[in-house]
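To start, the structure itself, in structure tokens.
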Amino acid sequence: MTRPELLQIFRTTASEIAEKDLKNIEETRVIAELGIDSLELLEVIGSLERDLNVRIPDDQLVGIQTVGQLITLVADKLPKS
């Protein structure tokens, strides 16, 4: 799965959970500045884990600030093809 595909999945999932129009955000955006609170972010991450069949340990989420950092973390958990 490509980074643009992962970004699109994040955009769609975050938009639905946060009930905001986040469909045009870029990887450089700081998640906290998108109006996504910590509980919504956990819901987004849980949804990504289920949809992509990955597991992201909580301790690896520490320090994640931008959408791109989260995309990188998710990409690293995907099976290598």
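Every number here is computed from the coordinates shown, using simple stated rules; none is lab data. Predicted, not measured: the structure shown is a model, and the values here were computed from it. Here Cβ is always computed from backbone atoms with ideal geometry, including for glycine, and neighbour counts include all displayed protein chains.
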Can you classify the stretch 1-76 as rounded, prolate or oblate using the Cα gyration tensor, where a ≥ b ≥ c are the square roots of its eigenvalues, rounded means a/c under 1.5, and otherwise it's prolate if a/b beats b/c and oblate if not?
rounded
Selected from Leu39, Leu70, Leu48 as most flexible by GNM, with the chain as the system and alpha-carbon contacts under 10 Å:
Leu39
Estimated vicinal HN-Hα couplings, Hz - the stretch 24-30 in sequence order (Karplus 6.51, -1.76, 1.60; Gly, Pro = x):
10, 5, 10, 5, 7, 5, 7
Using only Cα atoms, find the angle between the long axis of helix 3-18 and the longest principal axis of the chain, and express it within 0 to 90 degrees, rounded to the nearest 10.
40 degrees
Tell me which aspartates and glutamates have Cα within less than 17 Å of Lys80's Cα, excluding those fewer than 8 residues away on the same chain?
Glu5, Glu49, Asp51
Would you pull out the residues with amide H under 5 Å of Thr66's amide H, same chain only if 5 or more places away, H placed 1.01 Å from N?
Ile31
What is the stretch 3-77's relative contact order, in percent, from Cα pairs under 8 angstrom and six or more apart in sequence?
38 percent
Pop out the ³J(HN,Hα) list for the stretch 44-54 in order, Karplus 6.51 cos²θ - 1.76 cosθ + 1.60 with θ = phi - 60°, rounded to Hz; leave Gly and Pro as x.
4, 5, x, 5, 4, 4, 5, 5, 9, 6, 10
Mind listing which GluC sites (Glu not before Pro) in the stretch 1-80 are in a DSSP loop and have 12 or fewer other Cβ atoms within 10 Å?
Glu19, Glu26
Filtered hits (aspartates and glutamates, Cα-Cα < 14 Å from Lys20, offset >= 8 within chain) -> Glu33, Asp37, Glu40
Using only DSSP helix segments of four residues or longer, with each worth -39500 (n - 2.57), what per-residue ellipticity at 222 nm results for the chain after dividing by its residue count and rounding to 500?
-16500 deg cm²/dmol
